[in-house]
Amino acid sequence: MEKYNNLLRNIAELMEKGLFTSKGLKKEVDDSIKLKMEIIANKLNLVSREEFEVQKKIIEKIQKKLTKNKNKKTKKTRQVRKS
C-alpha cells in the first residue's frame, strides 16, 4: 500500500510542477495507472458488479429453497412426534 501512496504522491508533485501539460504524457500516465489498477484487481480476483449481482440472486434463491425445505422437515418432525 505504501508503494501506491508514494506513486500517487509523486504524481501529485509532478502535476503541481506543471510537468503534465503535454497531452501525450498525461495519456501515458493515465494508461499506466489504469494498467496498475487492473493488475491489482486481477491479483485480488475481483468480479464485476454484474457478476456479483447474478451470484447474489442465485444465493438468495438457494437460501429460500433451503429455508422452505427446513420448514417442511420441521413440520414433518412435529407431525411424527404428535402421532
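Just so it is clear, none of the values below were taken in a lab; they were calculated from the coordinates. The model shown is predicted, which means the values in this text are computed figures rather than measured ones. Virtual Cβ from ideal backbone geometry, glycine too; neighbours counted across all protein chains shown.
Pairs with C-alpha atoms separated by more than 21 Å, drawn from the list LYS36/LYS56; LYS34/LYS57; LYS3/LYS36, are LYS36/LYS56; LYS34/LYS57. Against the chain, whose longest principal axis comes from its Cα atoms, helix 49-82 is set at around 20 degrees. For a modelled paramagnetic label at LEU7, 7 Å from Cα along Cα-to-Cβ, the residues of region 43-68 in reach, with backbone nitrogen under 14 Å, are 43-44. Here the calculated FRET efficiency for GLN79 and VAL54, from their Cβ-Cβ distance with R0 = 30 Å, stands at 0.20, rounded to the nearest 0.05.
Partners of LYS72 within straight-line reach, counting aspartates and glutamates whose Cα lies under 19 Å from its Cα and excluding those fewer than 8 residues away in the same chain: GLU60. Is the chain best put as rounded, prolate or oblate by its Cα gyration tensor, with a ≥ b ≥ c the root eigenvalues, rounded for a/c under 1.5, and otherwise prolate when a/b is larger than b/c, oblate when not? Taking the square roots of the gyration eigenvalues as a ≥ b ≥ c, the chain is prolate.
Calculated [222 nm] ellipticity per residue, helices only, for the chain: -29500 deg cm²/dmol; basis is -39500 (n - 2.57) per DSSP H run with n ≥ 4, divided by all residues, nearest 500.
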